[in-house]
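A short worksheet on the structure shown next.
The values are calculated or read from the model by the stated rules, or taken from the named source; none is laboratory data. What you are looking at is a predicted structure, and each value in this text was computed from that prediction instead of being measured. Don't worry about glycine lacking a Cβ; one is built from the backbone with ideal geometry, like all the others, and counts go over all protein chains shown.
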Amino acid sequence: MCQTYVLPLILLTISCLSCTDDTTKVTASCPEYQRSFGGSCYEIVSLQLTFFSAQAWCEQRGGHLAFIPDEETYYFLQKHLDPRKDIWFGAAFLASKDLQYSTAVEGNYSRWVTSPQPGAACGHIVRDSGFQWEATVDCNKKLPFICQNGMYLTKA
C-alpha cells in the first residue's frame, strides 16, 4: 500500500526542487561510487537481483530504484549504462498491482519499447534497444539495477 504513494511523493519532491525561486545552485555531494545528477546520487549496481530485492537493497541504503522523470536524466544515465545488459529501474507501483502504464501520459517522460503487459509490476531498460524500457510481469528475473539515493545537498 505504501508503494502507491512513493512515486508521486518523489516526483513531487523533484518537481518542487526544480520550481523553487531560490537562485542558489544546489548540487549533490555523492560518495565516490555514485554519480551526481540533478540533486540526486545514482549508483549502477552490478549485483543481479530480482526487482523487489533490488528495491529493498536500494531502500536499505537510504534510496530507491531510480526514476527517470525527464530526458536529461535519461541521457545522463544512458552514458553510464552498458547497452548489452537489461537493468531494473524504478518504474512500478503507480496505482495498483495491475499497472496501467502509458506511453504518452501528459507531463510524464517515457521510453516504452512496447505497450506494457497487463498486470505488469516492474520495469527494466532493455538491452540492445537504444535504452528503451519494458514493463513486465516477470519481476523474478535477476538483473543489475540503478539506485537513486537520498540527496546529499550542498549549496554552491
Exercise for the section: Could you please find all residues in the stretch 52-75 being in contact with a Gly (Cβ under 8 Å, 6 or more places away or on another chain) and of a type in the set (Phe, Trp, Tyr)? Expected result: 67
Exercise for the section: Quickly run through the stretch 31-58 and pick out the residues that are assigned to a strand (DSSP E or B), farther than 18 Å from residue 83 by Cα and of a type in the set (Gly, Ala, Ser). Expected result: 36, 40
Handout entry: Search result, residues across the stretch 43-74 that are touching a residue at least 60 places away in the same chain (Cβ under 8 Å), aromatic (Phe, Trp, Tyr) and under 18 Å from residue 133 (Cα atoms)
Key = 51, 52, 67
Fill in the blank from the handout: Restricting the stretch 118-144 to residues that are in a loop (DSSP other than H, G, I, E, B) and among the polar types (S, T, N, Q), the one nearest to residue 83 (Cα to Cα) turns out to be 129
Practice task
Considering each residue of the stretch 84-110, count those that are closer than 21 Å to residue 138 by Cβ and either at pLDDT below 90 or part of a loop (DSSP other than H, G, I, E, B) (or both), and give that number.
Solution key: 18
